[in-house]
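For reference, the structure is listed below as structure tokens.
Any read-out appearing in this document is the output of simple, stated calculations on the displayed coordinates, not a laboratory observation. Quick caveat, the model's predicted, so the values are computed rather than measured. All Cβ positions, even for glycine, are placed from backbone atoms using ideal geometry, and neighbour counts span all protein chains on display.
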Amino acid sequence: MRLPVILVQNPPASAASLAESLVGNLIGRAGLDLTLVDRFDALAADSTDRMTLDGITVPSAVLDWRSEEEIVASLAAIDFHGSRCPHQLDPDGQATPGTSPRRLFLFDLTKHKDVEAIIAELDRLRASLSVRTVSLGSPGGGNPITAKRTTADRPDQAAAVKPSPPVASPPQPAEPASTAAPRSDQHLDSLIDQLDQLDV
């Protein structure tokens, strides 16, 4: 699974190098899809940034230059709803009851300025989402095996039944009749020979 990373492009002047470093590390990074947007509260309803956000419907990371609470409020104001989920750089994150089930991993860039730590946490979140997806794809594996065993048993039963019809073969009684005639002829010949000897 890929993790969308939404980075707001309004860094303070003192954080310009951090913003550039984040962009440089996130562009083209495996498994992470970087999206750069303007301030959430400055997005018009028909803007390209709003349409881009509307197309994101999966768990996402949001990096902004304000507190997590402010990020949630500004996203809700533009109808981008989700549940704030805790992670290693936001361990106190608590999902608000009744909000969208979409998970949002929020990063307050005024508190976290270590690029390597931010990238490492994004990679970890992506990997954890991928592992869950794979584990959910595994149920039901036993059914094909059961089906194969069921279909394999039937030919064996049919094979056991096939040899039985040829066992009863009716032509056997005809042979004694054919052999009995020569035996009776031989017996008559023998009697005739004995009578001939008596006449002599």
- [ ] Only one of these is of a type in the set (S, T, N, Q), within 20 Å of Ala127 (Cα to Cα) and in a strand (DSSP E or B): Thr57, Thr35. Name it.
- [x] Thr35
Task: Cross-chain or 6+ apart pairs with Cβ under 7 Å, the range 9-27 first and within 17 Å of Val62 (Cα to Cα) and in contact (Cβ under 8 Å) with a residue 40 or more places away in the chain, then in a helix (DSSP H, G or I) and aliphatic (A, V, I, L, M) - done: Pro11/Leu18; Pro11/Ala19; Leu18/Val115; Ser21/Val115; Leu22/Val115; Leu22/Ile118; Asn25/Val115; Asn25/Ile119
TODO: Mind listing whichever residues of the range 1-32 are of a type in the set (A, V, I, L, M, F, W, C) and either surrounded by 18 or more Cβ atoms within 10 Å (Cβ to Cβ) or assigned to a strand (DSSP E or B) (or both)?
DONE: Leu3, Val5, Ile6, Leu7, Val8, Leu18, Ala19, Leu22, Leu26, Leu32
Open item on the list: Looking for something within 17 Å of Leu109 (Cβ to Cβ), surrounded by 15 or more Cβ atoms within 10 Å (Cβ to Cβ) and among the polar types (S, T, N, Q) - is there at least one such residue anywhere in the range 55-77?
Closed with: yes
